[in-house]
1. Go through (1) within 27 Å of Ile113 (Cα to Cα); (2) assigned to a helix (DSSP H, G or I) for Gly184 and report which single condition fails.
2. Given the condition of a type outside the set (Ser, Thr, Tyr) and modelled with pLDDT of 95 or more, answer yes or no: does some residue in the stretch 90-98 qualify?
3. For the stretch 137-153, enumerate the residues that are assigned to a helix (DSSP H, G or I) and among the aliphatic types (A, V, I, L, M).
4. For the stretch 142-186, which residues satisfy the criterion of being farther than 22 Å from Val105 by Cβ, among the aliphatic types (A, V, I, L, M) and within 23 Å of the chain's Cα centre (by Cα)?
5. Can you find a residue in the stretch 321-331 that is over 17 Å from Glu51 (Cβ atoms) and either free of Cβ contacts under 8 Å to residues at least 60 places away in the same chain or under 14 Å from the mean Cα position of the chain (by Cα) (or both)?
6. Quick check on the stretch 197-212. Is at least one of its residues in contact (Cβ under 8 Å) with a residue 24 or more places away in the chain and more than 14 Å from the chain's Cα centre (by Cα)?
7. Looking only at the stretch 78-103, count every residue that is surrounded by fewer than 21 Cβ atoms within 10 Å (Cβ to Cβ) and either part of a helix (DSSP H, G or I) or within 12 Å of the chain's Cα centre (by Cα) (or both) and tell me the total.
8. Six or more apart or on different chains, Cβ under 6 Å: which pairs go from a residue in the stretch 234-262 that's at pLDDT 90 or above to one that's of a type in the set (D, E, K, R) and crowded, with 24+ Cβ neighbours inside 10 Å? Could you list them?
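The values are calculated or read from the model by the stated rules, or taken from the named source; none is laboratory data. The model shown is predicted, which means the values in this text are computed figures rather than measured ones. No Cβ is skipped: glycine too gets one built from the backbone with ideal geometry, and neighbour counts run over all protein chains shown.
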Amino acid sequence: MNYQLDNSTKRFLYVAVILIASICTARSGVAQVGRDGTSVQGQVVPREVREIYDRGLGWLENNQDDKGSWKGTGGEQGAGCTGLAVLAFLASGEDPNFGKYNVTVKKGLQALIREQNPTTGYFGGSMYHHGFATLALAEAYGSVDERNFWPEGSDPKRTRTIGQALELAVRTAITSQDKNPVGGWRYSPDATDSDTSVAGAILMSLLAARNAGIEVPDKNIDRAIKYFVSMTSNSGQVAYSGGMGGFDNSPARVSIATLVYSIAGRKDLKEFKATSNFLKASDANETGDHYGEYTAYYKAQALFQADIAAWEKWNKILIRELKTKQRSDGHFDGNFGPTVATSMSLLALALNFRFLPIYER
């Protein structure tokens with residue numbers, strides 16, 4: 001028999017699994033994350049990682065505005081900046097309800113929901129922002145206690161639950177894809193073309209939402225994977241936009257494709273084998289290129305999913321690089337401003353903690 005669960009039941013089961021896992025971990029005597037950064041789920045976390053991470057979170061905490069948001073620079077203003085910062089805190093292993101940064105996380109999530117269009121579910125700015133904001137909601141869903149989440153007297157039109165906001169955001173992404181001739185996404189929800197960078201941000205948010213128990217139709221995931229397959233060459237290079245062609249050595253795009261194939265459960269594809277082999281062929285980091293923090297963010301996740309030994313080797317290089325690049329006040333510089341650069345740099349290290357559900361193997 002085929003039983004269908006409603007979303008409230010799915011959420012209950014999701015939370016129950018998290019609680020049971022936490023209890024089992026506690027009984028085994030292994031802390032999820034030691035405050036001295038020594039272990040996470042039985043894994044040793046390098047002290048350097050904990051020190052870099054704590055300094056970075058301190059800077060983010062000090063640069064959150066009164067409304068709970070974080071700002072980028074230039075055209076990178078929007079919910080995606082806040083979403084990435086919230087993800088950095090959630091990935092640290094601190095309890096989002098009672099830990100050191102619980103107020104910061106709560107304010108950030110409130111800011112995200114307030115910024116969302118209550119009718120369309122769109123976060124605005126661009127579909128980049130929509131993708132990263134949706135991903136943050138998906139990772140917070142089920143782990144953040146929403147009792148007394150909103151202050152008394154809050155505007156009821158702007159005070160949805162995390163689950164309600166996430167469902168709205170998912171609907172926006174699905175509606176956008178349904179209108180797209182090639183099955184992907186670009187800057188506008190009404191775009192008729194697509195690129196692998198924006199599509200990667202949206203697809204990862206949908207996969208995270210599905211993992212959290214939100215209904216995401218298989219046909220939409222399958223269509224998005226088909227789009228990535230069409231953009232992947234036999235060599236493992238991944239094109240940016242348009243049809244086949246335009247391949248070059250872009251570790252960011254190769255990483256995105258490797259990651260979405262992995263999280264979607266499509267490691268059986270020859271395209272996954274091609275992109276993962278292409279990615280593993282280079283030991284170098286690219287944190288010094290034009291989109292260095294963006295590349296590191298995706299490459300860390302992609303290598304972790306594709307080959308744990310390759311990730312461990314690359315991760316040691318990344319730690320050394322980020323240790324030298326971090327400013328004395330804890331932030332990182334980058335082309336999208338210090339908020340995005342700091343959040344993405346920390347998230348590139350967060351695989352050492354393995355705390356976010358989307359970072360599980």
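1. Checking Gly184 against (1) within 27 Å of Ile113 (Cα to Cα); (2) assigned to a helix (DSSP H, G or I), the one that fails is (2).
2. yes
3. Leu137, Ala138, Ala140
4. As a first pass, look at the stretch 142-186 and keep what is farther than 22 Å from Val105 by Cβ: 156-157, 171-186.
Add one more test, that the residue is among the aliphatic types (A, V, I, L, M), and what stays is 173-174, 182.
Within the stretch 142-186, Ala173, Ile174 meet the criteria.
5. Within the stretch 321-331 (the criterion being over 17 Å from Glu51 (Cβ atoms) and either free of Cβ contacts under 8 Å to residues at least 60 places away in the same chain or under 14 Å from the mean Cα position of the chain (by Cα) (or both)), the answer is no, since none of the residues qualifies.
6. No, the stretch 197-212 has no match at all.
7. Selection size over the stretch 78-103: 2.
8. From residues that are at pLDDT 90 or above, the pairs are Val238/Arg253; Pro251/Lys299; Ser255/Lys299.
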